[in-house]
Amino acid sequence: MEVFVAQVINGLALGSIYVLLVTGFNLLLLVALIIHFSFPQVVVFSMYISWIVLKATGNNMLLGFLAGVGSSVLICVATAPLFQRATRKRRGVDINTTMVISLGIGMIITELLSHEFNEGFPIAFPENVAGRKALVQFGLISISEGQVYALAAGGVAVLAFFLILYRTRMGRAFRAIAEDPQNARLTGIPVLKTGILSYALTGLLGGITALLLSILLGSASAGLGESVALKVLAVSIIAGLGNLKGGLIIGILLGVLEALTQGYLSGSWSNAVVFGVMLIVILIKPKGVFGGRL
Amino acid sequence: MSLAFYYFLSITAIYILMSWALYLPYRVGQLHFMSIANMAICGYFGAYAAKSWGWPFALVLLAAVGIGGAVAFITSLAIGDAPCFTVVIVGFTYIFLIKTVIENWDLLGGTMGFFGIPRVKGLLLITYSIVFGAGFLIHRFDRSALGRAASAFFVDRDLAKSSGVDIKKLGMLLQTFSGILGGLCGVLYGFLMNNLFPEFFTFGMVGTCMTMLFVGGYTTMWGVLVSAPLLWGIPLLFPPEIASWRIIIYGVLLIAVLVIKPEGIITRKLVYNAKKKLFGRTKRTS
């Protein structure tokens with residue numbers, strides 16, 4: 001029972017990270033109509049940039065965080081013209097093209113990380129960043145600083161995001177474009193500017209996620225982005241593409257499932273179980289459990 | 001023939017087949033990366049069957065056709081008419097699942113790889129025979145009513161449906177053929193290299209085949225015949241320090257082509273005009 005409770009806590013922390021990633025992914029999907037498959041790779045890239053700045057500044061947390069967020073926002077906004085050119089016609093086939101462009105960006109990022117950063121070796125964050133210290137300990141049940149930060153900051157970030165989306169003028173513009181871009185343009189919403197804002201907001205979410213992943217995992221590798229990207233797109237499809245609330249539920253569920261299988265199965269067999277479950281659900285419900293918005 | 005040239009020709013042929021494995025389902029707008037998982041399944045199965053059970057190469061190839069086709073067919077029952085992103089994620093999930101199973105299975109060598117796959121005489125000839133056979137079938141498909149239905153579907157899904165095109169059956173057919181090609185490539189690659197590593201069947205492989213398809217041109221089967229030898233061959237001529245950036249070069253090329261010339265280098269119009277110049281009046285088909 002202790003293992004179960006401990007793993008559920010782990011899973012909630014991991015799930016909150018997935019929720020952040022899926023939320024950023026869905027925002028771009030709804031507003032800019034792009035499938036940014038490599039968004040998690042951008043997040044991992046930001047982790048590497050944070051790590052470099054932390055090393056260079058003697059573990060200055062603030063500068064490390066700012067560098068991570070800045071690089072994530074910069075990459076998201078800088079790649080926007082590539083996607084916008086491809087989605088000019090806004091048709092189904094063009095959505096697929098954005099996914100292929102994103103896969104290309106992912107290829108470049110992963111290869112850069114495995115060639116140029118830390119000689120291709122995984123990076124480890126310093127003790128004062130990685131929240132490995134246990135705050136609460138009951139037998140096997142241990143709640144670390146990283147888990148608390150990930151859960152709290154993940155919850156706050158998602159809440160803030162939903163507030164922006166449903167309580168502000170900018171959020172209304174996002175939702176209007178998601179519903180009908182032509183009508184949104186007719187009502188005077190600056191579609192291009194709002195689109196760029198959605199990239200910047202996604203980048204911001206990416207930067208926050210990078211920080212939380214650094215705290216929760218304490219390390220990163222070039223291949224991390226690929227496996228996370230797969231899970232994020234799977235969560236998004238299982239929830240229903242573009243379904244923000246569905247993404248929230250499925251993201252948490254996947255985190256808990258992953259943590260539980262890690263608790264009871266040895267080595268990377270747990271990954272096989274998670275991928276197997278994801279595959280079965282997608283094959284049974286290819287259009288999502290909660291229904292997609294596209 | 002030098003050993004380097006032999007490997008260049010063989011690997012180019014395998015990449016042509018793999019890129020065709022992606023080209024076929026993309027005729028109906030589906031990026032079917034599951035063929036790369038099929039490549040791993042059939043490659044490892046064939047290698048084990050030949051090494052441990054003494055199966056002859058011909059039987060291994062037949063088994064690859066059967067296994068690759070069966071796996072793809074069963075999956076296509078669920079995703080035959082699924083949207084592109086669902087097919088993509090199913091493909092990636094399969095790849096990760098199969099890779100994880102191989103890495104954890106000592107019988108297949110785990111992360112260390114599977115060694116001692118027997119050598120086969122005349123492998124290059126067999127490989128190119130398969131390329132010609134597959135190319136002929138794809139060419140016939142492109143010129144058939146089914147090929148035209150696939151083109152109609154790619155341009156306008158709803159219009160194609162209303163014209164009576166059975167999307168699911170078409171998707172299933174193309175995904176199954178793609179799975180068979182993937183299976184054959186797995187066996188050919190394993191017997192060419194005499195070893196297999198799970199790391200080969202990952203994003204790098206997906207990226208390489210995808211770049212060959214999109215840079216060459218995804219609207220005709222001829223595009224990959226140009227892009228595969230160029231994209232595989234040219235980096236081999238570079239000094240090792242530049243050649244090691246191959247995947248980054250592929251990524252940049254892929255993005256550049258999609259943004260600047262989305263249909264790739266070899267387009268249908270180009271093929272049509274080339275045929276017209278070579279053979280005079282020609283029937284416009286797919």
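The values are calculated or read from the model by the stated rules, or taken from the named source; none is laboratory data. All figures in this text were calculated on a predicted structure; none of them were measured in a lab. Cβ sites come from the backbone with ideal geometry, for glycine too, and all protein chains shown count toward neighbours.
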### Query
Among the residues of the range B:32-54, is there at least one that is basic (Lys, Arg) and touching a helix residue (DSSP H, G or I) at 6+ places or on another chain (Cβ under 9 Å)?
no
Residues in the range B:56-82 that are buried (at least 19 other Cβ atoms within 10 Å of the Cβ) and not in a helix (DSSP H, G or I) total 3
Result of the Cβ filter at 6 Å on the range B:244-256, keeping first residues that are farther than 8 Å from A:Ile108 by Cα and partners that are of a type in the set (Phe, Trp, Tyr) and modelled with pLDDT of 90 or more, at least 6 apart or interchain, is B:Leu254/B:Phe214
Across the range A:103-133, the tally of residues that are β-branched (Val, Ile, Thr) and farther than 30 Å from B:Cys84 by Cα stands at 2
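This table checks each residue for (1) hydrophobic (A, V, I, L, M, F, W, C); (2) crowded, with 19+ Cβ neighbours inside 10 Å; (3) under 16 Å from A:Val8 (Cα atoms).
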{"position": "A:Ile249", "(1), (2), (3)": "yes, no, yes"}
{"position": "A:Glu258", "(1), (2), (3)": "no, yes, yes"}
{"position": "A:Gly263", "(1), (2), (3)": "no, no, yes"}
{"position": "A:Ser268", "(1), (2), (3)": "no, no, no"}
{"position": "A:Ala272", "(1), (2), (3)": "yes, yes, no"}
{"position": "A:Phe275", "(1), (2), (3)": "yes, yes, no"}
{"position": "A:Leu279", "(1), (2), (3)": "yes, yes, no"}
{"position": "A:Lys287", "(1), (2), (3)": "no, no, no"}
Of the residues in the range A:30-64, those that are assigned to a loop (DSSP other than H, G, I, E, B) and within 20 Å of A:Pro81 (Cα to Cα) come to A:Leu33, A:Ile34, A:Ile35, A:His36, A:Phe37, A:Ser38
Restricting attention to the range A:226-270, the residues that are more than 24 Å from A:Asn26 (Cα to Cα), part of a helix (DSSP H, G or I) and within 10 Å of chain B (Cβ to nearest Cβ) number exactly 2
How many residues of the range A:83-116 are at pLDDT below 85, charged (D, E, K, R) and part of a helix (DSSP H, G or I)? The answer is 3
Every listed condition ((1) of a type in the set (A, V, I, L, M); (2) buried (at least 19 other Cβ atoms within 10 Å of the Cβ); (3) in contact with a helix residue (DSSP H, G or I) (Cβ under 6 Å, 6 or more places away or on another chain)) holds for B:Leu124 save (2)
Of those in the range A:208-225 that are surrounded by fewer than 24 Cβ atoms within 10 Å (Cβ to Cβ) and within 14 Å of another protein chain (Cβ to nearest Cβ), the residue farthest from A:Ala150 (Cα to Cα) is A:Gly223
From the option list B:Leu236, B:Leu231, B:Leu196, B:Leu225, single residue qualifying as of a type in the set (A, V, I, L, M) and either modelled with pLDDT under 90 or over 30 Å from B:Arg119 (Cβ atoms) (or both) is B:Leu236
Only one of B:Phe33, B:Phe5, B:Phe96 is free of Cβ contacts under 8 Å to residues at least 12 places away in the same chain and within 14 Å of chain A (Cβ to nearest Cβ), namely B:Phe96
Open item on the list: Considering only the range B:94-101, I want to know if a residue exists there that is over 19 Å from A:Gly276 (Cβ atoms) and surrounded by 20 or more Cβ atoms within 10 Å (Cβ to Cβ).
Closed with: no
Restricted to the range B:83-93 and to residues being more than 7 Å from chain A (Cβ to nearest Cβ) and surrounded by 22 or more Cβ atoms within 10 Å (Cβ to Cβ), the residue nearest to B:Ala160 (Cα to Cα) is B:Val87
Among (1) within 26 Å of B:Thr93 (Cα to Cα); (2) surrounded by 24 or more Cβ atoms within 10 Å (Cβ to Cβ); (3) of a type outside the set (Ser, Thr, Tyr), A:Gly68 falls short only on (1)
Per the filter on the range B:236-267, residues away from chain A (no Cβ under 13 Å) and either under 20 Å from the mean Cα position of the chain (by Cα) or crowded, with 20+ Cβ neighbours inside 10 Å (or both) are B:Ile265, B:Ile266, B:Thr267
**Prompt:** Is it the case that some residue within the range B:39-55 is over 24 Å from A:Ile282 (Cα atoms), over 21 Å from the mean Cα position of the chain (by Cα), among the polar types (S, T, N, Q) and assigned to a helix (DSSP H, G or I)?
**Reply:** yes
Checked against (1) at pLDDT below 90; (2) assigned to a helix (DSSP H, G or I), B:Gly264 satisfies every condition except (2)
